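Mind having a look at this structure? Questions to follow.
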Amino acid sequence: MVLRLDRVTKVYNQFTVLQELSLDVRRGEFLTILGPSGSGKTTVLQLIAGIAQHTSGRLLFNGKDIGRLPASQRPFNTVFQDYALFPHMTVADNVGYGPRIKGMNRRDLLSLVEQALEHVELGGMGKRYPAQLSGGQRQRVALARALINKPSIVLLDEPLSALDAVLRRQMQVFLKAAQRSSGVTFVFVTHDQEEAVAMSDRICVMNGGRVEQLGTPAQIYHEPSNRFVSSFMGETNALSAIVWSIDNDRVVLRSALGDLIAYKRPYYAFVPGAEVLLNVRPESVQLDVSGGAPNTNRLVAKVVDRAFLGPNSKLTLAFPQAQNLHWDVRTLGNHELPAAAGKAGEVTAWFRPEDCALVPASGS
């Protein structure tokens, strides 16, 4: 652990933005703070950077409370959403700005700047100005300017939000590679779930000024801790159910679609009679095209909509025994409906017990 927020609260004009938030940042990791607008994620970044001051709690760096240190005395650098490059300076001057104002001699500075530009794949472009660069190149200049100061932590405030979809994906790969090669801790703020899953070692999901869940991308996606995380982390099929019985690693559920089975996970604290939401991701729902589906979690449904999405197709299913309940199914490629559908678009769908996630029916 290199950084710890210990029960940090932030109040603006009698409005509580953060509520006793605790969070550990590990050395050398890529940690993403993810949440919707107003969740408090940018405030967390500002408190770490020293741009804002917390109301109560502690901010510890290597065990030392730095909560009252000014931003200039913290070993962190920030990459802002708009990159904040000096338009009248060349790329080289922008990147070398920090070491230059600290008094580094010109020869060492030129060598260091060129190394930094090579590191972000902009070698030979030091004489250009920001206006002559693409959005992705400007983003890399901002990153080089942050890394050249050899900070303990780089803070990134939604730096990819202004890029188009293709460039954004390219920069996701680049940022992750840059973090890996530099070994510097990255704390990245975004509202984009796909971005968080693609880049992060761990994800901190926030909502309403609180940490809803902290874990690896796989844990956050497949093992959500509550309704908010389940719905926020991409598409999911949800179904209200009652825990009927628990037998070793099997949880039997009673629902409008009949009895269903989920595998018990170590963190489940449910008891028989508990009201839960069963969640199954669309890609985990299978269509029985050969008649060989298992009897467990087997559902008869009708296809009411179909959309071709390029790499996959989305089928929307309705169930005769549960009015107004619709589930989505993702199938690879341009799935031909007649091959999977019976009369009047009827299909048999199924899912594995290990692909279920249970969350409390009440709460966030």
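The values are calculated or read from the model by the stated rules, or taken from the named source; none is laboratory data. Keep in mind it's a predicted model, so treat the numbers as computed, not measured. Don't worry about glycine lacking a Cβ; one is built from the backbone with ideal geometry, like all the others, and counts go over all protein chains shown. For the accessible areas, the whole protein counts, side chains as well, though only heavy atoms, and no ligand, DNA or RNA atoms are used. Shrake-Rupley method; radii C 1.70, N 1.55, O 1.52, S 1.80 Å.
When you look at Val276, is it under 14 Å from Arg352 (Cα atoms), open to solvent by less than 30 Å² (accessible area, probe 1.4 Å) and β-branched (Val, Ile, Thr), yes or no?
It is false that Val276 is under 14 Å from Arg352 (Cα atoms), open to solvent by less than 30 Å² (accessible area, probe 1.4 Å) and β-branched (Val, Ile, Thr).
Looking at Phe15, Phe61 in this structure, which one is surrounded by 18 or more Cβ atoms within 10 Å (Cβ to Cβ) and of a type in the set (Phe, Trp, Tyr)?
Phe61 is the lone residue from the list that is surrounded by 18 or more Cβ atoms within 10 Å (Cβ to Cβ) and of a type in the set (Phe, Trp, Tyr).
Could you grab me the full set of residues in the stretch 331-359 that are out of contact with any Lys or Arg (no Cβ under 6 Å at 6 or more places or on another chain), at pLDDT 60 or above and either open to solvent by 40 Å² or more (accessible area, probe 1.4 Å) or within 19 Å of Ile242 (Cα to Cα) (or both)?
Residues satisfying the conditions are Leu332, Phe351, Arg352, Pro353, Glu354, Asp355, Cys356, Ala357, Leu358.
Can you confirm whether Ile33 is part of a helix (DSSP H, G or I) and at pLDDT 95 or above? Give the derivation first.
Values: part of a helix (DSSP H, G or I): no; at pLDDT 95 or above: yes.
Here the answer is no, as Ile33 does not meet what is asked.
Here is a follow-up. Identify the residue in the stretch 165-205 that is among the aromatic types (Phe, Trp, Tyr) and surrounded by 19 or more Cβ atoms within 10 Å (Cβ to Cβ) and, among all such residues, is nearest to Lys41 (Cα to Cα). Quick ask: steps written out before the conclusion?
Step one: filter the stretch 165-205 for residues among the aromatic types (Phe, Trp, Tyr), giving 174, 186, 188.
Next cut, surrounded by 19 or more Cβ atoms within 10 Å (Cβ to Cβ) only: 186, 188.
Details: Phe186: 15, Phe188: 10 Å.
Per the criteria, the residue is Phe188.
With the structure loaded, tell me whether Asn237 is under 26 Å from Gln193 (Cα atoms), open to solvent by less than 30 Å² (accessible area, probe 1.4 Å), polar (S, T, N, Q) and at pLDDT 95 or above or whether it fails that test. Break it down stepwise before answering.
Values: under 26 Å from Gln193 (Cα atoms): yes; open to solvent by less than 30 Å² (accessible area, probe 1.4 Å): yes; polar (S, T, N, Q): yes; at pLDDT 95 or above: yes.
Yes: the conditions hold for Asn237.
Being open to solvent by less than 20 Å² (accessible area, probe 1.4 Å), at pLDDT below 95, of a type in the set (Gly, Ala, Ser) and closer than 22 Å to Leu23 by Cα is true for just one of Ser225, Ser230. Which residue is that?
Details: Ser225 fails: open to solvent by less than 20 Å² (accessible area, probe 1.4 Å).
After ruling out the rest, the residue left standing is Ser230.
Being outside any strand (DSSP E or B), out of contact with any Ser or Thr (no Cβ under 6 Å at 6 or more places or on another chain) and modelled with pLDDT of 95 or more, is that true of even one residue in the stretch 4-26? Don't jump to the end; show me each part of the working.
Restricting attention to the stretch 4-26, the residues satisfying the condition of being outside any strand (DSSP E or B) are 13-14, 26.
So of that shortlist, the ones also out of contact with any Ser or Thr (no Cβ under 6 Å at 6 or more places or on another chain) come out as 13-14, 26.
When the remaining residues are screened for being modelled with pLDDT of 95 or more, the result is 26.
Yes, the stretch 4-26 has at least one match.
Out of the residues in the stretch 144-164 that are open to solvent by 10 Å² or more (accessible area, probe 1.4 Å) and free of Cβ contacts under 8 Å to residues at least 40 places away in the same chain, which is farthest from Arg100 (Cα to Cα)?
Asp164
Okay, next question. Six or more apart or on different chains, Cβ under 8 Å: which pairs go from a residue in the stretch 126-138 that's without any contact (Cβ under 8 Å) to a residue 40 or more places away in the chain and closer than 10 Å to Pro87 by Cα to one that's open to solvent by less than 20 Å² (accessible area, probe 1.4 Å) and hydrophobic (A, V, I, L, M, F, W, C)? Could you list them?
Short answer, once both residue conditions are applied: none.
Test Gly67 against the criterion of being farther than 22 Å from Ile203 by Cβ and in contact (Cβ under 8 Å) with a residue 12 or more places away in the chain, and give yes or no. Lay out the reasoning, then the answer.
Working: farther than 22 Å from Ile203 by Cβ: yes; in contact (Cβ under 8 Å) with a residue 12 or more places away in the chain: yes.
When the stated conditions are applied, Gly67 passes them.
Within the stretch 285-308, is even one residue within 24 Å of the chain's Cα centre (by Cα) and either among the charged types (D, E, K, R) or not in a loop (DSSP other than H, G, I, E, B) (or both)?
Restricting attention to the stretch 285-308, the residues satisfying the condition of being within 24 Å of the chain's Cα centre (by Cα) are 285.
From what's left, either among the charged types (D, E, K, R) or not in a loop (DSSP other than H, G, I, E, B) (or both): none.
No, the stretch 285-308 contains no residue that is within 24 Å of the chain's Cα centre (by Cα) and either among the charged types (D, E, K, R) or not in a loop (DSSP other than H, G, I, E, B) (or both).
So is Leu117 under 27 Å from Leu34 (Cα atoms), of a type in the set (A, V, I, L, M) and open to solvent by less than 50 Å² (accessible area, probe 1.4 Å) or not?
No, not satisfied.
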